[in-house]
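First comes the structure, then the notes that go with it.
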Amino acid sequence: MQTDKKAERLAVLIDADNAQPTIVDGLLAEIAKYGTASAKRIYGDWTEPRLKGWKDVLLEHSIQPMQQFGYTKGKNSTDSAMIIDAMDLLYSNNFDGFCIVSSDSDFTRLASRIREAGLVVYGFGEKKTPGAFVSACDKFIYTEVLRAKESDSASIKQMPTSQLKQETKLINLLRSAIDASSDDDGWAQLGTVGSNIAKQSPDFDARNYGYSKLKSLVKAIQLFDIKEQAPGEGLPKSIYIRDKRKS
């Protein structure tokens, strides 16, 4: 897996049957955070009227449509074509990672295979995406978050403190990540905590709770101490957090 995220050459593969065109702007903006979309392909039967929404945005975003006729009813030939292409791209050794855009569990083994080859896998899908596919990715981003960028009506409302404190899974995840990277006084650097969380839970994202950053989410929970330290002139502040139970 590459450590320089900005230098990553990414292959973006979109399952048109299991993704909505309304995510495209947010999707490409999100992918840009992790690397360069060196290849952008989308798979589907383009003779189908239901894919017209995708047709309208492909040229604008330079996404290459890959035609796969649905010859047999009930058989998803699109998935097969996408998997075969993914393996061809993998063996080309031209990419550092893959972005798989689908809510279909059929891509679980593909994600695992790519990671076995030492490449990073970013998954994108709706919250209905099966857990097996989510766990097979290094990081998984829910597309509801990406659509929220498009209009205020679709925005995810911030979860209030009272509700956040009831999110047992979230609280335990944060505490576990802090424990794994804290010093003798219980303080852990926020960036390290975030990295630890990503390893434990690929689909964790502060935006799923309505907060743009991990720091904002941690602050809203009100169960953790937060402090900032300036390491030196011209350098950004280091943010540390600690479980209040250890204060």
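The values are calculated or read from the model by the stated rules, or taken from the named source; none is laboratory data. The structure presented is a predicted model; accordingly, all values stated were derived computationally and were not measured. Glycine gets a Cβ as well: all are built from the backbone with ideal geometry, and neighbour counts include every protein chain shown.
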Screening Ile171, Ile197, Ile241 for residues that are more than 27 Å from Ala136 (Cβ to Cβ), surrounded by 15 or more Cβ atoms within 10 Å (Cβ to Cβ) and touching a Leu at 6+ places or on another chain (Cβ under 8 Å) leaves only Ile241
Can you confirm whether Leu89 is assigned to a helix (DSSP H, G or I), touching a residue at least 24 places away in the same chain (Cβ under 8 Å), farther than 28 Å from Ser212 by Cα and touching a helix residue (DSSP H, G or I) at 6+ places or on another chain (Cβ under 8 Å)? no
If Tyr34 meets every condition in (1) out of contact with any strand residue (DSSP E or B) (no Cβ under 9 Å at 6 or more places or on another chain); (2) part of a loop (DSSP other than H, G, I, E, B); (3) within 23 Å of Val134 (Cβ to Cβ) apart from one, which number is that one? (1)
Inspect all residues belonging to region 133-140 and state whether any of them is touching a Cys at 6+ places or on another chain (Cβ under 7 Å), under 20 Å from Tyr209 (Cα atoms) and assigned to a strand (DSSP E or B). no
Any residue at all in region 159-179 that is at pLDDT below 90, in contact with a Lys or Arg (Cβ under 9 Å, 6 or more places away or on another chain), on the phi < 0 side of the Ramachandran plot and not assigned by TED's automatic domain parsing to the domain that holds Ala111? no
Which condition breaks for Leu170 when tested against (1) within 28 Å of Thr108 (Cβ to Cβ); (2) in a loop (DSSP other than H, G, I, E, B)? (2)
